[in-house]
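Novice: I'd like to ask some things about the structure below.
Values quoted throughout were computed directly from the atomic coordinates according to the rules given, and no laboratory measurement underlies them. Keep in mind that this is a model prediction, so the values were computed, not measured. Positions of Cβ are generated from backbone atoms using ideal geometry, with glycine treated the same way; all protein chains shown enter the neighbour counts.
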Amino acid sequence: MAEPMTASGVSGEAPAFAVRGLGKHFGGIHACREIELEFRAGEVLAILGENGAGKSTTVKCLHGLYQPDEGQVEVSGRAVHFRSPRDAEAAGISMIPQELDLFPDLSIAENLFLGQKRPRRPWGGFDQRAMNRQAREVMAALGVDVDVTAPVKTFSAATGRLVEIARALNRDARLIIMDEPTAALTEKETENLFEVIRRLKAAGVSIIYITHRLNECFTISDRIVVMRDGRLIRSGPAEEFTIGSLVDAMVGRPLETLYSRHSRPIGDVVFEVRGLTLGNVFSNVDFEVRSGEVLGVSGLIGSGRSEMAQAIYGIAPADRGEIIVDRKSVDVRSVSDALASGIAYLPEERRSQGLILPFTIAANMSLSVLALFSRLGFVNRKLEDGFASESARRFTVTGAALSSPVENLSGGNQQKVLIAKVLALDPKVVILDEPTRGVDVGAKSEVYRIIDDLAARNKAIVVISSEMNEVMSISDRIIVMHEGRISGRFTRDEFSQQAIGAAAAGQRLHHAA
Amino acid sequence: MSRAAILARPELPSLVFLILLVAALSVTTPSFFTIPNLQAVLEQVVVVSIVALAVNQVILSEQIDISTGSLVAVCAFVYGNIALTVGGSWVPLLGALATGAFVGLVNGVLSTYGRVSSIITTMGMLFALRGAVLLAAGAQVLNLPPESRIFGLGEAFGVPISIIVLVVVFALMGVVSRHTVFGRNVYAVGGNDRAARTVGLPLNQVRLMTLVLSGLSCGLAAAVLLGQIGQLQATAATGFELKVIAAVVLGGTSITGGRGSNLAPVVGAVLVGVILNALTLNRVPGIFELFVLGVLILAAVSFDGLRTRLTDRRR
């Protein structure tokens, strides 16, 4: 395989790691096949593709979690056979999974040393001090100064992500696989992560970067590989791609159709929040949403956005403040109060907060409206199935029968099932918390279409999002939260990445660093 | 250790409670804070503590072992019969340890490679072993000669050997827990098993080993128990497994795994011992014992649940 030499690659020698003719099938279906990849020292390779394109399967073969059915993994030109992640780790390949895989009750230092050789004292016991010191050094190399003896659960998700990277570094990983590392990070934290990646590059570490955020590829990667239907579709230096050509390669359709936003008449104020306060989590939150209007809520993770939404939805009710629906003040003490007032909420964590994974698609969709299809407590299956197939059509859930469990669906389809469930009660106010997180481009555009459609039906819509492009493209107005307070309000003609980013960081634009 | 780290110690609440309780009892019940009484409490606590130290590891790794009561009886049966034929204490002890380890191994293999949850495996074992003892020794009443009772009656340097045994087991488990890869892996496996798999830890081996450890501890506990009572009946140590679990959970090890300490089971066992002792000293009828034990377990697990809720809110 004569790959053209890359800027940082070493010509003539075998690449540090390579994948040759890799294929893996589950049952009769090929998850990936004929994959050819080379990883050179100090290079960032982005792998793009929709959910189900075979990215995860490919990297799992590389990390020893799966054994390939065809082809092989090569380390320094020699074919190797990984029976488990243990073997891959020993060969210098580490993976930072999409969802944090840390030990919440153990300290950062302990997390870094699990499954790894520890420094010992002369009598044979572990040298805790040396471990802590080394942990501090590794974290410092990532630019983080934290108490490494404190349990991981006391830190933010962003720090957790860094602990994962530190763990890989502490194992002397030469190839680090990052599966959507920025999915749970805000713009600022993402920028920090990129800084870390640049340091890793400088130290000669190769990185595989899987993401759904197209902008990021151009910022951070040297080469880009696009996968579709289990195959490599395109591969080349990052400069050869544009956002448009990436989307084309991924889904085979042009970019203009990604965001849907029709101009529509905006009506009266339907939903209002006045002085909403919960302890020191958020305070004095005021905003209003009109019918047919999409209000974007931006801000860093931990700024109180989700907590504010959950207070409105009655999961953790506010201490003070007023919630007004249709000019009537409503007292939300529980989720059923919120539902009764016409407020619906799409949670951020669809797996843990939204869906019941072993339940069927139909059962998930009808969960909140089962009473409508029941008489004397008995569910009329016919009505339920009718409702479910109607919803599946409206929200374009594809890929599985309504009677199959939700856990078999791709992330995008799961999200659509959840949206169907949330909208089943025909609410007046819809709050969507990170509706496109971990969802592929195709499903994203469908989620945007659904939001646009809801606006056209005169719903009042609140979209919480960490993705700047998204929130700017679909919102009529944006509010930004910082440390529990609203730090900026923007109308559509005032939208700018800089201004919103500065407000999220709690700065005024002119003082921004 | 920083102040925050001390406050986060899992056994702290029960330790504080224990100290307050001892203080209160010393004032209200004059016969409590006397050397003979405290020594009696400790000796009663030894057997539960030894097994609780091992079951602590089982629970930390997100499993449970409820077979210990019957296993102690089986090991005591083995110990007693070897002692009657061969004599001495060390050969019977080896026999009891081997029996315990073997049963622990079976528990472990079934619970890991056999893919049956440990509560089911060890429940089956609880019944099967008790049945076996009843079949083999239903009518037998075994009286042990004094030279085979050193683990229960013997003294060295004026300290009961049983207490020395406990101290040694405690120190050993402390080292295993803090200074071996196995010990650290136990916390990891119980704390987040998916992450443990990703990191490449040998989950099955770790879980299997904890159950073997628990079996071994039953062998040792049987030697101490039989040494103390001197007479074996087939119904010995019935309900013992619940006292062990109560000690672990009361001590502050989380029943959901991954969180706890080596000190927790001992604190828990002493707490149970002191409470039962207080009942006896204050002439509360023995029939209250089970009731009190049950309430204590419920209180401990509710507290654990409450604490998890409070600490997880931040995430």
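Novice: Give, as ranges by residue number, the residues of the stretch B:258-285 whose backbone N falls under 19 Å from the point 7 Å along Cα→Cβ of B:VAL292.
Specialist: Residues B:266-285 qualify, since their backbone N sits under 19 Å from the label point.
Novice: Counting Lys +1, Arg +1, Asp -1, Glu -1, what net charge surrounds A:ASP433 among other residues with beta carbon under 11 Å of its beta carbon?
Specialist: -1
Novice: Which listed residue (A:VAL148, A:ASN132, A:ALA158) has the Cα farthest towards the positive end of the charge dipole for the stretch A:102-159, taking +1 on Lys and Arg C-beta and -1 on Asp and Glu C-beta about the Cα centre?
Specialist: Farthest along the dipole direction, towards plus: A:ASN132.
Novice: Roughly how crowded by other chains is peptide A:103-110, in terms of the mean Cβ count from those chains within 10 Å of each of its Cβ atoms?
Specialist: Other-chain Cβ atoms within 10 Å of each residue's Cβ, averaged: 6.
Novice: Shielding by partners for A:115-125, please: the mean number of other protein chain Cβ atoms within 10 Å of each residue's Cβ.
Specialist: 3
Novice: Between A:HIS81 and A:ALA130, take the C-beta separation as r, use R0 = 35 Å, and let me know the FRET efficiency to the nearest 0.05.
Specialist: Calculated transfer efficiency: 0.55.
Novice: Additional query: Can you tell which of A:GLY230, A:PHE218, A:VAL330 lies farthest toward the positive end of the dipole of the stretch A:203-348, using +1 and -1 charges on the Cβ of basic and acidic side chains (Lys, Arg; Asp, Glu)?
Specialist: A:GLY230
Novice: So how long is each side of the stretch A:102-159 along the principal axes, counting just the alpha-carbon atoms, biggest first, in Å?
Specialist: Extents along the principal axes, in whole Å: 37, 23, 16.
Novice: Averaged over peptide A:146-156, how many Cβ atoms belonging to another chain are found within 10 Å of each residue's Cβ?
Specialist: Rounded to a whole number, the mean comes out at 3.
Novice: Among the listed pairs A:LYS328/A:LYS459; A:LYS24/A:LYS55; A:LYS55/A:LYS444; A:LYS382/A:LYS459; A:LYS117/A:LYS201; A:LYS382/A:LYS421, which have their C-alpha atoms separated by more than 22 angstrom in this model?
Specialist: Check vs 22 Å cut-off fails for A:LYS382/A:LYS459; A:LYS117/A:LYS201.
Novice: Based on the mean of other beta carbon atoms within 10 Å per residue, what is the order of A:281-292, A:436-447, A:376-387, most packed first?
Specialist: A:436-447, A:281-292, A:376-387
Novice: Out of residues 5 or more away from A:ALA31 or on other chains, whose amide H comes under 5 Å of its own, with H placed 1.01 Å from N in the peptide plane?
Specialist: Residues meeting the amide H criterion: A:LYS24, A:HIS25, A:PHE26.
Novice: Please give the contour-minus-distance gain from B:ALA136 to B:ARG9: 0.36 nm per residue of separation, less the Cα-Cα distance, rounded to one decimal in nm.
Specialist: 41.2 nm
Novice: So how strong a dipole does the protein assembly as shown carry about its Cα centre when Lys and Arg Cβ are +1 and Asp and Glu Cβ are -1, to the nearest 20 debye?
Specialist: Dipole magnitude for the protein assembly as shown comes out near 940 debye.
Novice: Give me the one-decimal Kirkwood hydrodynamic radius in Å for the protein assembly as shown, with the sum taken over alpha-carbon pairs.
Specialist: The answer is 30.3 Å.
Novice: Calculated FRET efficiency, A:ALA14 and A:GLU137, Cβ-Cβ r, R0 25 Å, to nearest 0.05?
Specialist: 0.20
Novice: Please report the net charge: other residues with Cβ closer than 12 Å to the Cβ of A:ALA203, K and R +1, D and E -1.
Specialist: After counting each charged neighbour, the total is +3.
Novice: Something else now. For B:LEU84, put the label point 7 Å out on the Cα→Cβ axis and report which residues of the stretch B:231-250 keep their amide N under 13 Å from it.
Specialist: Once the point is set 7 Å along Cα→Cβ of B:LEU84, B:231-234 turn out to lie under 13 Å by backbone N, inside the stretch B:231-250.
Novice: Still on this structure, please answer the following. Compute the FRET efficiency between A:SER374 and B:PHE182 as 1/(1 + (r/R0)^6), taking r as their Cβ-Cβ distance and R0 = 60 Å, and round to the nearest 0.05.
Specialist: About 0.70, to the nearest 0.05.
Novice: Let me ask something else. Sum -39500 (n - 2.57) across every DSSP H segment of at least 4 residues in chain A, then divide by the residue count to get the 222 nm mean residue ellipticity, nearest 500.
Specialist: My calculation for chain A gives -9000 deg cm²/dmol from helical runs alone.
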